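Here, each number is a calculation from the coordinates, and none is a lab measurement. The shown structure was predicted, so the numbers you read here are calculated from the model rather than taken from an experiment. Here Cβ is always computed from backbone atoms with ideal geometry, including for glycine, and neighbour counts include all displayed protein chains.
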Amino acid sequence: MGLLTTGRPLGWWDAQPHLDYVREHGIEQFVNVFCATRDRQGDVLKWGDEIEYTLLVLNESERCTYLSLRAPQVIQELQSEERLVSRNSLADVQERVTGESELSEFDSAPVPETLWRPEYANWMVEGTPGVPYSCYMRDLVLVEQNMALRRAQIRRVLRPNERLLSLTAYPLLGCGRFCEPAGDGVCGPLARSLYLPDAVINPHPRFGTLTRNIRLRRGEPVAIHVPLYRDKSTPSEIPLWEGGSRHGGVVDIDLHQIVDEKLAKTSLSQDNTDQDVGSVRIDEAVQRQRLAWSLSQASGDTELVLVPIEAPSVDGPERPVALDAQHDGLGYLCEKAGLASWNERNRDGRHTSPDIYMDAMGFGMGLCCLQITLQAANMDEGRYLYDQLAVLAPVMLALTAATPALRGFLTDTDVRWSIISASVDDRTALERALGCPPKSRYSSIDCFISNRPEMKAALYNDIPVLVDARAYRRLREAGVDEHLARHVAHLFIRDPLVIFDDFATVDDRVSLTHFENIQSTNWNTVRFKPPSQTGPNTSAGWRTEFRSMELQITDFENAAFTVFMVLLSRCILAFGMNLYIPISKHDENLVTAHQRDAVRQGKFWFRKHIFSREAELSCSVRCHYRCACGSEHCVSFQSLNAGSPAGSQSSPSQSCPFRFCTDPDPEAMELMTIDEIMNGKPCCEKHAFRKAYPGLLTLVRVYLDAIPGLDRATRMRLGAYLDFVAARSSGRLLTCAAWMREFILKHPSYRHDSKVTPEACYDLIQRCIELSEGRCGEPALLGDFWPEHHIDGELTSHDFSKLRNQIHEEDSPQLRGESFREELLPAAASRILETVSISARTHAGVAEHHHDQHARHRGCDYHQAHGVDERQRRHHRGAGALGRFQEARHQADQHL
Ligand code: ADP
Ligand code: MG
Ligand code: MG
């Protein structure tokens, strides 16, 4: 979870006088790094994934599972390898391995092949590759190997009854005694949760302080409401204790703790009475001048308009309440949870919620995800990627959905995002009521940041963005351009939540501590990371982090989504793609992504013209064909402006080399299913041919086909990943969420009441463990891809180092971006044309057809390239695409 600092964190009231100090210095630190690195060029692609693993205890005799709270000890043990190399600085080692230095240098140096970090909850272990992957095609096949290594390493330090899973959401979190050890007390001083004991929070002071300070800033415990999945016997309302029976139905709010919090306010205490605890007077005046709405100008090159806001944005902390725990406690809880009026209506003495109610940061930050960080060649490229990947975040969230049950109930949503968002929403009641700020700190992005003139980002920044006006002015004064200044000043509307007591000793010229304090608690779908001047990763350049994906059960799935995103990022650069839609539409997409089964049912705003800079290409191809609808269609790929200079003013519809779309509106959008976005949308829709769109997977395949010298094994392995992603996108394979939901619904213990029984949870977890270990398959979820793809054997760091070093020795082709465009585009146009016309001809609403055509088509290339005769070819075709991929995988495995 980003930044971890040592030192003693200040209590919320003690931190108050220093909030502006941190903000001011954070901005200075950003300005310094910006000035030092704005012109930094030529960083090679480096990238890495992050996976949060869940530790469990399995009680086989009682057939029940618990979350194991032993992550801190487990991480200690896992870090032993890293500690060995701490003599050399980690940064040094990483630089040597991924930099230009000669092989012999790092042959002898020990390199940790995995890194382990604590995460919010004590059942979570974050694992990343020890050194980021580099820019070779063959690095893409290392990902799954490294994930397998991580799994093996964790397994080695677990106790016999402990297991690990890459699981987004544990279904019984917060239900009765759900963790081991049980942890004591409810309403602990940190979270004050009725369901989660504070013992679940990682002991690093950052995590507890975050929890407590979010609650104190907000003025009450966080309140998460998730729609309940309705089955035929689902009760219309859930007693607040359902699934939370550990406390026997008694709300035990410890008044002493509240008094302690009040007394802990030392530095402001002299002149304040009890009453004053409820008003942050010192801040109000400052707050009033601090924030402003910034309105984007359509032209994009004029200064933002700042509209100062009048309303105070802080309305006070949680007030001490005198409660009779036995009688008033539930009433108090209901009020804080926004359930008071609901319960007024039910005057039968029971306290209920119409949805799944959760009350602690751990319910959100205890959910696990898959993140990917990509280093850009320079700041401009990083910003371009940030914007493009942001648009894809809701789509990938829906596609990787893995959150079907929470706090013991089936949810009517499939993904985690809004749950985490509510779990760290530190806005006060007034701020929420005013919509100022409009969103939680954990949210989708609010503005695009690219400055590329042909991309016209300003056109898509269609909602006012709240900024810290002083930060904005300072950034502009220091030469930061408008888009970036707005983005950073928007991050800085938030209060720093954790200030350590040594905060004033930081040197702004070399440190990014205060900047990171704010940046790392703006949890957005994408994050733009500046180069760090000091610390463990000094060699890193401008980076973009993609943060929306949910975690899958097997390494194969996680590797597939990782590889897809990395390849897609290269396509975005190489094809010069333009995926912009307005921020307001992007927000709608994020809402759609939460719908149950969004991957099959949801329709997402997506752009019709997805290429920019078309004029660079001179290319003209036409294809007439008879489509399934019976009509003759024509797809043309023609650059009307062929040869005109790059960046000319022509609209995409006039200059697009791939004229799938002849909509005259260059910015046109339409609603598409995930299948269409990923696998393509045929030309013919109601006999109109003007809407053809190739699909992101087609572009990635075309990109791969155009890479010269890509070895067959790698190509086939990557092909299997893409086919798997295609099958999930088309709905042919279930998402993790859909599969788990079905598992629970079909479990013999299920009573059609939306409850996840402990028996169902146990069996589900067991099944997930078997799957993750490659001991079984699950055709509905994984098709034939698994366990065929499982990497057998217990990998060691040493084995992995050998694989990694081999890549450098082999001189595998590189993952190229913009530099590839000249070579890629001419080859791509006719390949895409073929693919699109094939899909249009065969499209009859059956995704498999499409999928198979792709596979067969690629198979032909493969056979031609490798001299396979017609008889063999027919044999392969008969065996189907999957069979061929299995064969290829086998070859790939041998290769590895
Ligand atoms: P955070 O938690 O803030 O996102 P981490 O350090 O946990 O940051 O994760 C960083 C990720 O970035 C890891 O996957 C790591 O492999 C990867 N990474 C490290 N250095 C670079 C780099 N120079 N360029 C791109 N990715 C990198
Ligand atoms: Mg991390
Ligand atoms: Mg991260």
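A compact table of results
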read-out	value
R0 of 60 Å, Cβ-Cβ distance residue 477-residue 796: FRET efficiency to nearest 0.05	0.65
Gain on full stretching of the segment that runs from residue 35 to residue 159 - 0.36 nm per residue minus C-alpha separation	39.6 nm
Once the Cα gyration tensor of the range 133-195 is diagonalised, semi-axes √(5λ) in Å	36, 16, 10
Debye-sum result for the range 405-472 in log10 I(q)/I(0), which assumes one identical scatterer on each alpha carbon, at q = 0.11, 0.18, 0.20, 0.25 Å⁻¹	-0.43, -0.89, -0.98, -1.15
Efficiency of FRET between residue 827 and residue 378 - r from beta-carbon atoms, R0 25 angstrom, step 0.05	0.40
Bins of 5 Å from zero: percent of alpha-carbon pairs in the range 723-765	5, 24, 25, 16, 11, 12, 7, 1
Viscosity 0.890 mPa s, temperature 25 °C, Stokes-Einstein D of the range 42-85 from Kirkwood C-alpha radius, µm²/s	178
Relative intensity, log₁₀ I(q)/I(0), of the range 715-799 from a Debye sum that treats every alpha carbon as a point, q = 0.15, 0.23, 0.26 Å⁻¹	-0.67, -1.13, -1.25
Centroid-to-centroid separation of the range 736-790 and the range 122-177 [C-alpha atoms, Å]	19
As computed over the range 421-526, the Cα convex hull volume per residue (Å³)	128
Qualifying trypsin sites (Lys or Arg not before Pro) in the range 739-774, DSSP loop, other Cβ atoms within 10 Å at most 15	746, 751
Inter-probe distance in nm under a simple model that places probes 7 Å from Cα toward Cβ, at residue 454 and residue 44	2.7
Theoretical gain in end-to-end length, residue 182 to residue 811 [0.36 nm per residue, Cα-Cα removed]	221.2 nm
Net length gained if the chain between residue 584 and residue 712 were fully extended (0.36 nm per residue, minus Cα distance)	41.8 nm
Loop-resident sites, the range 48-81, for GluC sites (Glu not before Pro), counting at most 10 other Cβ within 10 Å (DSSP)	60, 62
FRET efficiency, 1/(1 + (r/R0)^6) with R0 25 Å, evaluated for residue 505 and residue 83 via beta carbons	0.45
